[in-house]
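Structure record follows, encoded as structure tokens.
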Protein chains: 4
Amino acid sequence: MQSAAGRCAAEFLGACILTGVVIGSGVLGADLADGNDAVALLANTLATAAILYVLVSVLGPISGAHFNPAVTLVSALRGETRLAIALLYAPLQIAGCICGAMVAHAQFELPLLQAATQVRAGPAQMLSEGVATFALIFAILGGVRHRPQAIPAIVALVIAAGYWWTASTSFANPAITIARAMSDTFAGIRPADAPGFIAAQFVGALVAWRVGAVLFAEEKAG
Amino acid sequence: MQSAAGRCAAEFLGACILTGVVIGSGVLGADLADGNDAVALLANTLATAAILYVLVSVLGPISGAHFNPAVTLVSALRGETRLAIALLYAPLQIAGCICGAMVAHAQFELPLLQAATQVRAGPAQMLSEGVATFALIFAILGGVRHRPQAIPAIVALVIAAGYWWTASTSFANPAITIARAMSDTFAGIRPADAPGFIAAQFVGALVAWRVGAVLFAEEKAG
Amino acid sequence: MQSAAGRCAAEFLGACILTGVVIGSGVLGADLADGNDAVALLANTLATAAILYVLVSVLGPISGAHFNPAVTLVSALRGETRLAIALLYAPLQIAGCICGAMVAHAQFELPLLQAATQVRAGPAQMLSEGVATFALIFAILGGVRHRPQAIPAIVALVIAAGYWWTASTSFANPAITIARAMSDTFAGIRPADAPGFIAAQFVGALVAWRVGAVLFAEEKAG
Amino acid sequence: MQSAAGRCAAEFLGACILTGVVIGSGVLGADLADGNDAVALLANTLATAAILYVLVSVLGPISGAHFNPAVTLVSALRGETRLAIALLYAPLQIAGCICGAMVAHAQFELPLLQAATQVRAGPAQMLSEGVATFALIFAILGGVRHRPQAIPAIVALVIAAGYWWTASTSFANPAITIARAMSDTFAGIRPADAPGFIAAQFVGALVAWRVGAVLFAEEKAG
């Protein structure tokens, strides 16, 4: 099934499960880690990477497994996703992410929607989001070009590295950033800081698009 | 060998080893982790995912590597496992899981059978089990449809994510729930709470069956 | 190169590197883990599984990548390794493991050979070694039969699970047991306890050989 | 695109991202780990291995994904990389690594270039670097010969093992050693200790080159 309806359902459901895992594992990790935030973030990383591998494996052949407006934007710019589909994907990705946050909150008996208070501001954090989103899009474009079978592992592992490599723990996704602004938990972000994150994410994505267009260009036929 | 006897032996032995790892790694993790339950759960997650990859790899081609009555139910509903086989599998899965719990207890010099006291009750925990089992079955159905070679990794990683994502640490398996009710250790569950878990698991599995039937439908020939 | 000399060199070198990693990562993990033995064992597990994947990948096509007299024994019983080769492998595996222990000790400025003092005795520990070695051989036989390309991952992950699942942390290898008896570190074993471990390992291996012969039998031509 | 310019760009960018991850994850790990250096090193290991898998997957088909003058040297000695290319690669690898260190420092609001103070001296540390680089090159040569599709996983995992197995945490790369000398963080090395590391790395690489030439020789046609 690769009808538009099926593709939209895959994007919504994938975004929902992904965000549920990101927020839920943050809650449980912080609960159990006895104040050691590195252990909590290890758990958060492990769970996020694991579910990304699963979701990209099973939903990639249906919708492309974007779950991420920045990925959809680049895909549309490359002519791989039609504009009409891209305009459907983006709101469904956001709705799916918010829905996933609500499910995670329900599982842990927390208020379904919350205003996050975790401060993630400043140029260093924005640089980090730009770099993390650059790395994500760059890895996807390289994987599409050179190792398509490995894309589930590539996506999972570039995000795993990003959680630790960047000061922002690598949201790298505007839709999940919006949902995390509604979660006052380990994975949250203060709503006032979200626009800066999202802007930096789109900048990183666009830079990766241009770099990838050169570095991963197909050989021209002679 | 894919005789009924071989298939039954594979289900029994796989359920036994899987449960041994789940309970044994919980005991050792809790023993060594110096009160940091997140570290214990990381160890529990790592060991469980590792052995799932192994067991699904080597026993999948024999019995399907269900080890789980909820998986067998969906397989039977989809017409992939005959009813006669499914009715053999379920009690063997339960017996295998109990046997695995006893072996783990023997390894750590604990009483072979115990009454668990760990409370895991309430609607949030039941929601968590439903979601976790939904995710497991959903991932299996998507993997069967789109990436059959990756099913060992998909099963291992969806359970790894589930351990951290859900308030219940993702039992997602009625047979192992029964065995964990007989283990008063890190991985245990109070017997009174087991029926609620099992009901939620079957509900989650049935929802995944219906969603998967639509989302992962084969294209019809024209 | 699959000459006898090349095969013997691969077994020696692989056993040496494997043991270096097992003992070295135990030393560093225990040094850094601030008394949290679960964190030390996580590091020990990660390093051991990682190097097993590497060594089985690159040396498997040369020597079979046994590094383990129990594996060689079962391979000989199955007629896959000739007796003359098996009799060469075993002492080289032991020598390689001792050599690896010495290299690890040199890296951490410890006495090259030591008498271990860590007590690992009693029937529960011996049961654990038998179960761990059973699982290792069982997984190898199933992998050879059903997923030969996945054998490096299968071996790495069955040992990773074994480190946590069993009270003995899954030595599962007579040659490495001898070397660990010469290392008074995190991974050590008191020399007096080694013979019991080795006996249990061979028993577990032989049981797996018989179970595997039935469960993983090739279909007979009609 | 496999023009010289494309290959050089891939080496520069890969070295930059790799070093950013090595240093950035060291900073964040040490920040969060509450004094438990084993947890910090686990995070550092996880992030480094993850990004190595990604970078070798997507850049390997372009430049060979060396990011490492010791790898380039052995590749040139084997006649796989022309001398003219090798002489371009080495300075770009060093520049990329320094650039990555600066990006990581900027993300964490640290001075862009620093003089490291972490002492890593003495024969045991140098032995460790030699062994780690030997293992890296040995694994690459074996992977090229026997499992080329698995090289991204092999490289990631041999470095993961090396972080824990060796007293030096396995730099195994002269270019990254230079960059780490400019980072006074968890992953740093005192500039005075860098030359000894680099010498040991080249010795280890050359030994692996000779051992690999024998052990992984192609069979001669008759």
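All of the numbers you see were taken from the coordinates with simple rules; none came from a lab. In this text the structure is predicted, and so the values were computed from the model without any measurement. Because the Cβ atoms are built from the backbone with ideal geometry, glycine has one as well, and the counts that use them run over all protein chains shown.
Is there a quick way to get the dipole size of the protein assembly as shown? I mean about its Cα centre, with the Cβ of Lys and Arg at +1 and of Asp and Glu at -1; what is the value in debye to the nearest 20?
On the way: 40 positive and 44 negative charges, 476 e Å.
Here the protein assembly as shown has a charge dipole of around 2280 debye.
Kyte-Doolittle cut-off 1.6, length cut-off 18 Å along the helix's own axis using Cα: show which whole DSSP H helices in chain D pass. It would help to have the intermediate numbers written out before the result.
Working: long enough: D:4-32 (42 Å, 1.38); D:37-63 (37 Å, 1.71); D:83-107 (36 Å, 1.54); D:123-146 (34 Å, 1.02); D:151-165 (20 Å, 1.85); D:194-215 (31 Å, 1.53).
TM-like helix candidates: D:37-63, D:151-165.
Based on other C-beta atoms within 10 Å, arrange D:W165, A:W164 from fewest to most. The partial results should precede the final answer.
Numbers: D:W165 34, A:W164 29.
Fewest to most other Cβ atoms nearby, the residues stand as A:W164, D:W165.
For B:L87, which inter-copy label distances result when the label point lies 7 Å beyond Cα on the Cα-to-Cβ vector, reported in nm to one decimal and in ascending order?
Nearest to farthest, the other copies are at 5.7, 5.7, 8.1 nm.
Roughly how many debye, to the nearest 20, is the charge dipole of the stretch B:140-222 about its Cα centre, given +1 on each Lys and Arg Cβ, -1 on each Asp and Glu Cβ, and no other charges?
Working: 6 positive and 4 negative charges, 26 e Å.
For this selection, approximately 120 debye.
Put +1 on the Cβ of every Lys and Arg and -1 on every Asp and Glu Cβ in chain C; which of C:L41, C:V22, C:L206 then has its Cα farthest towards the positive end of the dipole?
About the Cα centre, the residue reaching furthest to the positive side is C:L206.
What order do you get for A:L46, B:L136, D:L55 when you list them from fewest to most C-beta neighbours inside 10 Å? Mind dumping the intermediate values first?
Numbers: A:L46 24, B:L136 27, D:L55 30.
Exposure proxy ranking, most exposed first: A:L46, B:L136, D:L55.
Would you work out the charge dipole size for chain C about its Cα centre, treating the Cβ of every Lys and Arg as +1 and the Cβ of every Asp and Glu as -1, and quote it to the nearest 20 debye? All intermediate terms of the calculation are to be shown ahead of the outcome.
Values: 10 positive and 11 negative charges, 138 e Å.
That gives chain C a dipole magnitude of about 660 debye.
Which value at 222 nm does the protein assembly as shown reach when only helices count, each DSSP H run of 4 or more adding -39,500 (n - 2.57), with the total divided by all residues and rounded to the nearest 500 deg cm²/dmol?
On the way: 32 runs with 632 residues, N = 888.
My calculation for the protein assembly as shown gives -24500 deg cm²/dmol from helical runs alone.
For D:Q107, what charge total do you get from the other residues with a beta carbon under 15 Å from its beta carbon, if Lys and Arg give +1 and Asp and Glu give -1?
Neighbour charge sum, excluding D:Q107 itself: -2.
Along Cα→Cβ at 7 Å, what distances in nm separate the B:R190 label point from those on the other copies, shortest first?
4.1, 4.1, 5.8
In terms of the ratio Rg/(2.2 N^0.38 Å) built on C-alpha atoms, what value belongs to the stretch B:4-215?
Details: Rg = 15.8 Å, N = 212, 2.2 N^0.38 = 16.8 Å.
Taking the Cα Rg and dividing by 2.2 N^0.38 Å, one obtains 0.94.
Testing the spin-label approximation: label points 7 Å from Cα along Cα→Cβ at A:D34 and A:V211. State their distance in nm.
So the two model labels end up 4.0 nm from each other.
Picking from C:G100, C:Q149, C:A90, whose Cα lies most toward the positive end of the charge dipole for the protein assembly as shown (charges on Cβ: Lys, Arg +1; Asp, Glu -1)?
Farthest towards the positive end: C:Q149.
Rg over Rh of the protein assembly as shown, using C-alpha atoms and the Kirkwood radius, what does it come to? Before the final figure, lay out the partial values.
Values: Rg = 25.8 Å, Rh = 27.3 Å.
On the Cα set of the protein assembly as shown, Rg over Rh gives 0.95.
Relative contact order for chain D using alpha-carbon pairs under 8 Å, separation at least 6, rounded to a whole percent? Please list the in-between numbers first.
Details: 367 pairs, mean separation 61.7, N = 222.
So the answer I get is 28 percent.
With chain A treated as a Gaussian network of Cα nodes joined by springs under 10 Å, which of A:V39, A:V21, A:V131 yields the largest mean-square fluctuation?
Judging by the Gaussian network model, the answer is A:V39.
Run through the other copies and list how far each one's label point is from that of B:A124, in nm with one decimal, shortest first; the point sits 7 Å from Cα along Cα-Cβ.
So the distances to the same position in the other copies read 3.4, 3.4, 4.8 nm.
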